[in-house]
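Reading through the structure tokens given below for one structure.
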Amino acid sequence: MSERPPEAALWDALRGALVTRALGLVAELDIARKLADGPRPVEELAARTGADAETLHRLLRALASDGIFAEEEPGVFRNTPTSELLTVDGWDDFAHLFGGPFLAAVMGLDASGEASFPRVFGDEFWSWLGAHPDERAAFDRAMAQGWRGRLERLETVAWRGDETVVDVGGGNGSLLRALLELHPEMRGIVFDLPETVRDDSSFGDRCTFVEGSFFESVPPGDVHVLSTIVHDWDDESARRILKTVRASAGERLVLLDAVIEPGNEPQGAKWLDLLMLVIARGRERTESDWRELLAAADWDAARFGAGVIEARPL
């Protein structure tokens, strides 16, 4: 297979913001779910959503050129396997966030090393979420997306089977509840901010939700899990979080977070690293970065692999 012409690669990179915004708009209009039963004329979709029919046609036509939706006949669109993802597991919430608040913050990105989100929105990201319940709910649903893949990563851990597991920043608890289903003797605590959107009735008798801030204290347990939490924060803040967890440490710490690989190979974490910078001066990290960060918080990095970092108290 021949390599793509440089001009094509550069053009696709340049138009990326347009793709992101178009996806955010059609996700907010819930177009993918409206196509779940089959193809629909764009005029019908526009009438059901209040969108301008011509604009909606142009949005869908552009996305269809990338395999996101398909124009089956002139003015009639259907889902594709890619657009169907917008109907499940919070992908539509991701599209809204990336095509809305995240994109607006990215437009403020500069080379200062400072997060642009507070400058664009007039508030720190986490405070802004707390003040906008709909956005907080969308964020929590988006963060629950991909829990099956994270569960597979957790299953590479050598569990004893009867641990009390504390999911620090565990959101709506979907990941920990799924882990408990696989280990009937295990008990769990989901620890997160009080405004986290969740269904307490779904937790059962082996799992509880505890409100609080991981900058202050976390509940004790045998194993503490942080799933895509530490990358949200700069090194100083990340050390504070890890030291707080260390104060309540049991046997070990399990991190589900990316490790940036050396070289020029494509890796989503290299782009996610920029988004973390934009939102709150967070960052993705190399293995050496992780080892240094963990040691500074009195953790010994014991294992890297399969998207999992395990550490034990020093």
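Points worth noting:
- Selection from the stretch 210-245 of residues that are more than 22 Å from residue 284 (Cβ to Cβ) and basic (Lys, Arg): none
- In the set (1) in contact with a strand residue (DSSP E or B) (Cβ under 6 Å, 6 or more places away or on another chain); (2) at pLDDT 95 or above, residue 249 fails one condition alone, (2).
- Any hit, the stretch 285-295, residues being of a type outside the set (A, V, I, L, M, F, W, C), assigned to a loop (DSSP other than H, G, I, E, B), farther than 23 Å from residue 249 by Cα and in the same structural domain as residue 154 (by TED's automatic domain parsing): yes
- Helices (runs of 4 or more DSSP H) within the stretch 8-56 that include 2 or more residues touching a Gly at 6+ places or on another chain (Cβ under 9 Å): 16-28, 42-49
- Cross-chain or 6+ apart pairs with Cβ under 7 Å, the stretch 62-84 first and assigned by TED's automatic domain parsing to the domain that holds residue 22 and modelled with pLDDT of 95 or more, then crowded, with 18+ Cβ neighbours inside 10 Å and among the hydroxyl-bearing types (Ser, Thr, Tyr): 68/83; 69/83
- When the stretch 197-213 is filtered for residues that are more than 15 Å from residue 183 (Cα to Cα) and either out of contact with any helix residue (DSSP H, G or I) (no Cβ under 8 Å at 6 or more places or on another chain) or in contact (Cβ under 8 Å) with a residue 40 or more places away in the chain (or both), the ones remaining, listed by number, are 197, 198, 199, 200, 201, 208, 210, 211, 212, 213.
- Any chance residue 35 is under 26 Å from residue 102 (Cα atoms) and either surrounded by 20 or more Cβ atoms within 10 Å (Cβ to Cβ) or at pLDDT 95 or above (or both): no
- Listed conditions (1) out of contact with any helix residue (DSSP H, G or I) (no Cβ under 6 Å at 6 or more places or on another chain); (2) in a loop (DSSP other than H, G, I, E, B); (3) at pLDDT below 95 are all met by residue 114, apart from (3).
- All positions within the stretch 268-286 that are under 15 Å from the mean Cα position of the chain (by Cα) and either under 13 Å from residue 233 (Cβ atoms) or surrounded by 15 or more Cβ atoms within 10 Å (Cβ to Cβ) (or both): 269, 272, 273, 275, 276, 277, 278, 279, 280, 282, 283, 284
- Members of the stretch 38-55 found to be surrounded by 13 or more Cβ atoms within 10 Å (Cβ to Cβ), closer than 18 Å to residue 28 by Cβ and either among the small types (Gly, Ala, Ser) or in contact (Cβ under 8 Å) with a residue 24 or more places away in the chain (or both), listed by number: 40, 42, 45, 46, 51, 53
- Output for the stretch 169-203, where each listed residue is part of a helix (DSSP H, G or I) and surrounded by 21 or more Cβ atoms within 10 Å (Cβ to Cβ): 174, 175, 176, 179
- Of the strands (runs of 3 or more DSSP E) that lie entirely inside the stretch 207-267, those containing 3 or more residues that are in the same structural domain as residue 177 (by TED's automatic domain parsing) and within 19 Å of the chain's Cα centre (by Cα) span 223-227, 252-256.
- For beta carbons closer than 6 Å, sequence separation of 6+ or different chains, a first residue in the stretch 148-167 that is assigned by TED's automatic domain parsing to the domain that holds residue 179 and more than 10 Å from residue 254 (Cα to Cα) and a second that is outside any helix (DSSP H, G or I) and of a type in the set (D, E, K, R), the qualifying pairs are 161/185; 162/185; 163/222; 164/187; 164/222.
Residue by residue, here is whether (1) more than 20 Å from residue 237 (Cβ to Cβ); (2) surrounded by 15 or more Cβ atoms within 10 Å (Cβ to Cβ) holds:
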{"position": "113", "(1), (2)": "no, no"}
{"position": "133", "(1), (2)": "yes, no"}
{"position": "143", "(1), (2)": "no, yes"}
{"position": "160", "(1), (2)": "yes, no"}
{"position": "164", "(1), (2)": "yes, yes"}
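- Qualifying residue in the stretch 60-78 (condition: surrounded by fewer than 16 Cβ atoms within 10 Å (Cβ to Cβ), in a loop (DSSP other than H, G, I, E, B) and aliphatic (A, V, I, L, M)): no
The values are calculated or read from the model by the stated rules, or taken from the named source; none is laboratory data. Since this is a predicted model, take the numbers as computed values, not measurements. All Cβ positions, even for glycine, are placed from backbone atoms using ideal geometry, and neighbour counts span all protein chains on display.
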